[in-house]
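This report refers to the structure that appears directly beneath it.
The values are calculated or read from the model by the stated rules, or taken from the named source; none is laboratory data. Note that the structure is predicted; figures quoted are calculated from it, not measured. Cβ placement follows ideal geometry from the backbone for every residue including glycine, while neighbour counts extend to all protein chains displayed. Just so you know, the surface numbers come from the protein's heavy atoms only, side chains and all, with ligands and any DNA or RNA stripped out. Shrake-Rupley method; radii C 1.70, N 1.55, O 1.52, S 1.80 Å.
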Amino acid sequence: MAGFHKNRTTTIQIVLTAALLVPAALMLGACASGGGGGSSSATPLPPPPPPPPPPPPPPPPPFPATIAPASAFETSEYSFTVGLPLIGASTAYAIGATGQGIKVAVIDTGSITDHPDFLGASITTYDVCASTACPGYDASGDPLTQVRQPGDIDTGGHGTLVTGVIAAVRQDDFTTVTDNGVPNGIQGIAYEASVLDIRADSPGSCALTGVDDECAFADSNLVLAIDHAIAQGVTIINMSLGGEVDADQSLENAVRRAAAAGILVVISAGNEAEPAGTDGMGNPVDAVGQTPSEPAYIAGESASLGRVVAVGSFYVDPLDPNQERIISDFSNRAGDSAKNYYLLAPGEGIVTTGLDDDIMFPGDPTNDADSEGDYYSVSGTSFSAPYVAGALALLLDAFPNLKQNPELALQILLDTADDYVDANPDAITGQAAGVGIDAVSGVGIMNLAEAFRPQGQQTLSLSVERVSLGEALAPTGGAFGDWASNSGAFNGLVFQDKYDRGFRLDADATAKSLPNGLIASRVVDMNMRADWAASQSRAVAIGDVSLAWFTPRVQEDRLAPYQAEPVTNFQAAYGFNGGEVEFGRGGGISRLAPDVTLFNEPGIGNAFSTSGSWARVSHEIEFGLTMDVFTATEESRSLTGVSVGRDARFWSVRAGISSAADDETSLGGSLQERFGEADQADMTAWSLEGAWSPFGRLTLSSGLEMANVDLPGVDVQDIWTSRWSVGATHPAGPGALSLVIAQPRRAEAGTIRFLAPTGIDDQGIILRSEIEAGLTPSGRQIDYETRYRFNLFGTWTGEASAALSTSPSHITGADDESVAWLAVGRKW
């Protein structure tokens, strides 16, 4: 049965021969002394029970969405790998990424397929030398060309070790451990990816002198392997091998061909790093491993098309309380030419799948009795590379639109890497690993948790134009308040980041994270109010004609290059038998209903007031009724209406209908703009208002308006709004005390239909579905205002006001607003 081994060391050497008779060292990552394969250390432990058969894989989610918390995937077999927790892989699993549908070619020494952790895995094997004569070696080590012979295996199991990092199957009962605490198995980083296992080592090279030597690869064999991977349509190639850079470009050209075919090529940087020192004769020896080995060194060149990456190794000392991440001593550094495409991944002490211990350590008395594959703790950049290959498979699985431009998947890993900073000079390069990209650590340490988060500008395509999430989810304000979050209209939609990746939107959580202040304060401009309070007022009346005008004081701004002259408002009236004509600029038509004065109502607001021009014709009709026809216009608003009312000694009542248009806002907010249309509103309103003096000098007043609204440019239905106010005024001492309670215009009913992004296909095309959502906000804004206007002495007067607004902009939970005003003045 499968067992775990530690506290043993095995070195696997892989040698690339550039020409048949001129071997050039090509290493595959085991130990700092230059092995490329793996160092395996172990104290034999009692073998765990066999794992149960894996369950059938669940169907993939239709689009990336959180299927469980990341912690749900941080199981014992996940942690036992050592490497997966170091890169935050559970974040990818939390949105359903498994590598399913992604084909990864592992060009190595071949892999067994009957390891317990490969049961249920999709692994296809191919040997470039199985039927074709390849450059190889005979038993004495002499070069020859031959077809691979039976029994020619890599007893170090390097290919199996590498494949396990990528594709070891996640078991159903992965939390089960044996009595001695060993998990039933491990899981690969992309445990549902399919693997094309291509064996390319030179025939006979692995068995020359045993497991302490490395297997060898000929350039021509590797070229055959790469071309086979291209022909099989793989998405990713992993090459956990490397050697000295030579003049032969055949291998490099094969890698370039793969990149040109749209394949991402992940190559271990090499394990040749050694600091400068002296040899056995005391002669100085230069540091080695300052750049990636062959073929990884081409990662930074333009011909690699941003699709080739060199991978170095880092580790965390489990005894370090700070869990500091450190670049491995043996890992080749980034160098200047490849630093933009050099990434660090776990490469020391990671646990992966291997051959049966009787093959790797024949005759060892601690070996278990079964013939199944076991687990080994290994080190080397050979095992860093498959972490990156698997991470790319997860990205391409979760975000299939990246397949159109696979280099974007690699760029995401590079852009989201954690910067590796060490102020001390590096022992290999002599340089410090500074802030940003450097020749020691390249872009830094792979961080899957960050790679699977949205990056850069995040946008929602609600129309032809994209809008930022902040703009799309910000409360509309005005009458519609926070309709979007209240209706849940945007929950579950798909937004995109700067790489055009799609993510499911949790609109409620996102809206809560938006900064405060997206809805402007509605408190009136106190400077302007003060200017009007100090205005110059004049009035004149001659017979039935009257004229009044008001010029506000403007506070001089000595720093402003230009200040507009104050605008004079005026009001003129002409009375005739049975009626009156009145017109003016600024102010507005008199109303019976009271208004709050310390808070603005944006948009159409009080439909009877304007800062533009207005006119009213009043005429008495039958039964003691008076009919008013009125109109008002300003830069972006217009109003036309008619009302009929009656005035008696102690009461007045008026009913009206009006048509209003706002070409600038959606009833005081911004709604259509997020759908690519201009904010505007058309409204037909019915109003009823009155005033009554029931006894003494007390005056009560109220008003109610109901309106039917259209929002041009978007598909809305049955929008109705309400607006009301009540007030009371009574003399008190030397003045009069007033109280007003009012609700500004609020949407009470209505829906909107729009096409919303609900998915992205493999071609990167946004898929849309029709959404219908309510337009009512979550809260109801109520304003309270009290005013006391009084005489002081002589011609001096004063006014004290205070106001409170609850649930501003009709948003439940919004902070209340309050304001106070005190003015003292005299007539001149």
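Here are a few things to note about the model shown:
- Close Cβ contacts (under 8 Å, 6 or more residues apart or on different chains) running from residues in segment 480-492 that are at negative phi to residues that are aromatic (F, W, Y) comprise A484/F490; A489/W483.
- Residue count for segment 406-437, restricted to those that are open to solvent by 70 Å² or more (accessible area, probe 1.4 Å) and either in contact with a Cys (Cβ under 6 Å, 6 or more places away or on another chain) or without any contact (Cβ under 8 Å) to a residue 60 or more places away in the chain (or both): 7
- Of all residues in segment 737-752 being of a type in the set (V, I, T) and under 36 Å from the mean Cα position of the chain (by Cα), the one that is least open to solvent (accessible area, probe 1.4 Å): I752
- Failed criterion for E407 (all others in (1) of a type in the set (D, E); (2) over 24 Å from N271 (Cβ atoms); (3) at pLDDT below 95 hold): (3)
- Residues being in a helix (DSSP H, G or I) and surrounded by fewer than 24 Cβ atoms within 10 Å (Cβ to Cβ) are represented in segment 439-449 by at least one member.
- The test for being over 30 Å from D497 (Cβ atoms) and either part of a loop (DSSP other than H, G, I, E, B) or touching a residue at least 12 places away in the same chain (Cβ under 8 Å) (or both) does not hold for G759.
- From the list F576, F623, the one residue that fits, being at pLDDT below 85 and farther than 28 Å from A803 by Cβ, is F623.
To keep it simple, each residue is scored yes or no on (1) open to solvent by 60 Å² or more (accessible area, probe 1.4 Å); (2) within 20 Å of A773 (Cβ to Cβ); (3) of a type in the set (S, T, Y).
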| site | (1), (2), (3) |
| --- | --- |
| W651 | yes, no, no |
| D679 | no, yes, no |
| W692 | yes, no, no |
| T699 | no, no, yes |
| G735 | no, no, no |
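Every residue, every condition in (1) touching a residue at least 40 places away in the same chain (Cβ under 8 Å); (2) in a strand (DSSP E or B); (3) surrounded by fewer than 20 Cβ atoms within 10 Å (Cβ to Cβ), yes or no:
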| site | (1), (2), (3) |
| --- | --- |
| I719 | yes, yes, no |
| R723 | no, yes, no |
| F754 | yes, yes, yes |
| G764 | yes, no, yes |
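- Restricted to segment 630-642, and to residues there that are open to solvent by 40 Å² or more (accessible area, probe 1.4 Å) and in a strand (DSSP E or B), the residue that is nearest to G586 (Cα to Cα) is T633.
- Count of residues meeting criterion [out of contact with any strand residue (DSSP E or B) (no Cβ under 6 Å at 6 or more places or on another chain), on the phi < 0 side of the Ramachandran plot and surrounded by 12 or more Cβ atoms within 10 Å (Cβ to Cβ)] in segment 807-824: 2
- Residue match in segment 766-780 (condition: at pLDDT 95 or above and closer than 30 Å to W692 by Cβ): yes
- Selection count, segment 316-331, where residues are out of contact with any helix residue (DSSP H, G or I) (no Cβ under 7 Å at 6 or more places or on another chain), of a type outside the set (A, V, I, L, M) and crowded, with 22+ Cβ neighbours inside 10 Å: 2
- Here P47 does not qualify as open to solvent by 10 Å² or more (accessible area, probe 1.4 Å) and at pLDDT 50 or above.
- Subset tally (residues that are assigned to a strand (DSSP E or B) and surrounded by fewer than 20 Cβ atoms within 10 Å (Cβ to Cβ)) for segment 774-800: 13
- Residues of segment 368-390 that are open to solvent by 10 Å² or more (accessible area, probe 1.4 Å) and in contact with a strand residue (DSSP E or B) (Cβ under 9 Å, 6 or more places away or on another chain): D368, S377, S379.
- Test: residue in segment 139-160 that is surrounded by 20 or more Cβ atoms within 10 Å (Cβ to Cβ), of a type outside the set (V, I, T) and part of a helix (DSSP H, G or I): yes
Every residue, every condition in (1) open to solvent by less than 70 Å² (accessible area, probe 1.4 Å); (2) in contact (Cβ under 8 Å) with a residue 24 or more places away in the chain, yes or no:
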| position | (1), (2) |
| --- | --- |
| S618 | yes, yes |
| D628 | yes, yes |
| V644 | yes, no |
| D647 | no, no |
| G676 | yes, yes |
| V709 | yes, yes |
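- Where a residue in segment 438-458 is within 17 Å of F314 (Cα to Cα) and its partner, wherever it lies, is basic (K, R), with Cβ under 7 Å and at least six apart: D438/K339; A439/R333; A439/K339; V440/R333; G442/K339; I445/R325
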